[in-house]
Structure formats: C-alpha cells, structure tokens
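To start, the structure under review is shown below, and the notes come after it.
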Amino acid sequence: MAQSAPARTKINTKATQPAPGRSSRRPAGRPGPGRPPRGPGVSGDARESARQPGRPVIELDFGILVYPPETGGEPWRAVFTENGQRKYRQGATEAKLAEKLEKVRERLQADAANMEQPGAALIRHYLDPDRLPAEDRWSRKHAHTQRRLCERFAAPVIDTVTCQDIKTWHTQQIVNAAPTAGEGERVRGMLSSLVAAGIEGGYLTNPRLAMVHWQAGDRPLPARRVTVSGESALWVDPAEIPSDSDIGKLGRALAAGRHGERDELMASTAAYSGLRWGELAALTIWQVDQAGRVITVDRQVVEVAGHLYVEAPKCRKYRKTIYPRRTPDGYPLAGKLAARIEQATAEMEAGTNPLGLIFPSPAGKHWRSSNFNRNVLKRAYLAIGWRDADGNGKWTWHSLRHVFCTTALFTWKLDPTDVSCMAGHANVRTTLLMYVGSTAGVLDRARQATD
C-alpha cells in the first residue's frame, strides 16, 4: 500500500534565548498587534545565527538561509550560493519570499546555473559548435538548417524570455509557427534537440517542453499517407521505383538535350551505382577504377546558403560501389563511362574542366542541383511523363538510387549485406526494411498452409 507523505510541521522561528538588550522586542515571527498570522511559507531547521547571536535563522535545503524579520516592517531575507556567487532574495512577507525561493530551489536542485539567462542565450548555446566534441560536430548543411529554423521560428518566441520561465505554451507556439506539417515536423525535431541541449547545459530542466506537435488550426491538413500493413516507415513501395525501361526512357530524353550523351550517362550511372546527387556531382576521373568497375565514394558536393562545398560523404563514411558492364535495359554503361573519362581527361588538360569532373556544369564546375533540375531534368521529365504540367510526379532523381538497390538485390541476386555496404546505408537492417520488407511471401505461405 502506498505511504502518504509525512505532514510538514511549522518551524518555530523564535530564538530560544533572547539576546542581551533585546528583551523588550517582539519575538521574530510573531505577528504584531492588528496583523494577521502569516500563512504557510518557508520551513526548515531553525537555529541561532552564528554571525548575529540571538537572531534566529532557518536552514533550508541546498544551503539556503532564511532570516525572519526582527521588527515589524522589515522584509524576510534569504541568502544562498549559486554558480560560485553569494546571492540574496527578500520578500515583504514570508509567502512572497517562499515564492521567490521556489525558482531558486529548482535551479539549485538541478544544478542549472544558466536558467536566469534569456532564451537567446539558450539558442546561442545550442548552435555553438564547441558544444559538441570535435568528432561529433554537425555537418555544414545540418548546422545551416538548424540555424535557419532557430532564427525563423524559435527566436521570435523565446529570445527575450528567461529560460526558467519558458513553458510548453512557448514551445507550442514555436512549432505552430511552421506553415506546413512537413516544416512543423522539422521544427519539432529542432526543438527536441534544443530542449535536450538546454537541459544538459543548465538552461532548462523540464523535458516536457519538447513534447509538442504541429497543430493545423485553420490551415489545410496534408493528405493522410496510406502505408502497407506490416511494413515499417522505411518501406519503399515498388510503385515508387522506376523500372529499367523507365530509366532507359529517361536516358534517351536526356540525350536529346543540350549536353547529349553526357546527361544520359549521368542518369544511368546514378541508377546502377547508387551514388547520391551530391556524390555524383563531385565525381572525378580519379575515383573510377575502370578495370574493376569500382567507384570510390569519398566526397560530395553540398549547397549551403547559396555556396557549394566539397566535403565527406553522408555520415562521414566513404565506401566503394560497383557498376555493371551493361544495364538491364542494354545500355553499355562501362564503355560509355570509359569514353567519358578519356574525354574529361582531355578537357582537364585543355583547362576547360580543371577539377577533372566526370559530370561538370557548362562552366566546368560543380553542378547546382537547382540549375540541373531547371535546365536539364524539367524538360526530360515532361517529355516522358515523369511530371505533369503542374510539376507533380511520383518519381524524382533520388528514385534512381532505389533502382540500384532493388536491381542489386533482385536482378543481380547480391547479398543484402553487400548491397548495404555499396549503398552506404547505416546497417543491413535499413536495406532489408526499405526493399525486402516484412510482408513478402505472406500470402504464399498462408495459401500453402490452408491448401
């Protein structure tokens, strides 16, 4: 049976021995004539002050000392040490002092010395690169995204609010400021990390501040996504993956464009080597081993605030992948790539492609994804029906990466562990959940069992 909490008794704050010369004064803590008795307030162990013999002092937890008034009209005072500094609080009544000390006790109990800082300081702490160990620092792109979300959504709400006064009402405002559910989910993720960093850094104590979600209000709700029963959230439906013939159509449409066969080769390389867009845009002639048909993926291009940077691949992990001599649709990928490498080498010697890029922009530099989409892909997508007139469609450039994984698993019959390594997945479980799934063969097994 649960035990009830013991009743808290009122501590007598009167000195047991009156100080010499003070016998005519009213004992501390006793109400004067015409004054109502004080209500519940501070409670602790009463003793005589070491500095002022005869004066009572109340010892609270966390080293807080409370000095009741000696005469009518004097305030109640408290002294404590926080963050290495001696601090003071006072209140006209015991109840008012007790109210102020509640915040003090919360900070001292949690050892959260920064709770008196404004929300702007919390945001600066969250975005500070030195907050994390050198090997765990954010990527340049992630840091930019978090800074943008903080400046746009968090700062207008909590910049001037004392961290100790931040409530779930504030964090709900932050998330609801996002215009769409998708953006709201990104803001919620940022807020969750911000609260965790704030608790760790002594700015916050309440983890419930992160337990909010985007609320539509009078804004339109997104269409409810229908998923396959029994499959995880990572599952990629086969309808979301172009077929080999669809890749062939895309390649031919790209070949009819401004850069001809180079863009066709780019699409086929993406679809049958598993390179992400940034990895493909950064691909150089030195990364391709033609004899072994191996591509070493050790860099990528990222765009941050309008600037392009070459950095390590996703998760800072390099890998090696392979490409076939011919694609399932019959495209001679190995031969075409060898010819392009020879051409890129000549361009580099002529100074038109100084970086030795296999797929350079018209200026001989790294492609920007926005420019490539607008100047190359848009026309090809419309020509083969991957997009309608409004720009809507079920397949994107990232769909080509799904083609590589499913081709490797089901056409080339490679082990999922090998596919996971070449695709750069976090682990083989990710590969299985995305492409093999949990429901394959369910009906066949059930039919066989009930035959």
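The values are calculated or read from the model by the stated rules, or taken from the named source; none is laboratory data. Please read all numbers here as calculations on a predicted model, not as lab measurements. Every residue, glycine as well, gets a Cβ built from its backbone with ideal geometry; the counts of neighbours run over all protein chains shown. With ligands, DNA and RNA removed, areas are computed over all heavy atoms of the protein, side chains included. Shrake-Rupley method; radii C 1.70, N 1.55, O 1.52, S 1.80 Å.
Results for (1) open to solvent by less than 10 Å² (accessible area, probe 1.4 Å); (2) touching a Lys or Arg at 6+ places or on another chain (Cβ under 7 Å); (3) of a type outside the set (D, E, K, R); (4) part of a helix (DSSP H, G or I), shown as yes or no for each residue.
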{"position": "Glu349", "(1), (2), (3), (4)": "no, no, no, yes"}
{"position": "Pro354", "(1), (2), (3), (4)": "no, no, yes, no"}
{"position": "Gly364", "(1), (2), (3), (4)": "yes, no, yes, no"}
{"position": "Trp367", "(1), (2), (3), (4)": "no, no, yes, no"}
{"position": "Leu377", "(1), (2), (3), (4)": "yes, no, yes, yes"}
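This table checks each residue for (1) hydroxyl-bearing (Ser, Thr, Tyr); (2) under 18 Å from the mean Cα position of the chain (by Cα).
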{"residue": "Ile174", "(1), (2)": "no, yes"}
{"residue": "Pro179", "(1), (2)": "no, no"}
{"residue": "Gly189", "(1), (2)": "no, yes"}
{"residue": "Ser192", "(1), (2)": "yes, yes"}
{"residue": "Gly201", "(1), (2)": "no, yes"}
{"residue": "Arg208", "(1), (2)": "no, yes"}
{"residue": "Asp218", "(1), (2)": "no, no"}
{"residue": "Ser232", "(1), (2)": "yes, no"}
Quick count over segment 178-215, residues being open to solvent by less than 10 Å² (accessible area, probe 1.4 Å) and either part of a helix (DSSP H, G or I) or free of Cβ contacts under 8 Å to residues at least 12 places away in the same chain (or both), is 9
Only one of Ala338, Ala383, Ala408, Ala334 is among the aliphatic types (A, V, I, L, M) and either closer than 15 Å to Ala281 by Cα or open to solvent by 40 Å² or more (accessible area, probe 1.4 Å) (or both); which?
Ala383
Restrict the check to segment 423-442 and report whether at least one residue is open to solvent by 50 Å² or more (accessible area, probe 1.4 Å), out of contact with any Leu (no Cβ under 9 Å at 6 or more places or on another chain) and more than 20 Å from Ala233 (Cα to Cα).
no
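Yes or no, residue by residue, for (1) touching a Cys at 6+ places or on another chain (Cβ under 6 Å); (2) of a type outside the set (S, T, N, Q); (3) not in a strand (DSSP E or B):
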site	(1), (2), (3)
Thr269	no, no, yes
Lys320	no, yes, no
Gly330	no, yes, yes
Ala338	no, yes, yes
Looking at Thr396, is it assigned to a helix (DSSP H, G or I) and either polar (S, T, N, Q) or surrounded by fewer than 19 Cβ atoms within 10 Å (Cβ to Cβ) (or both)?
no
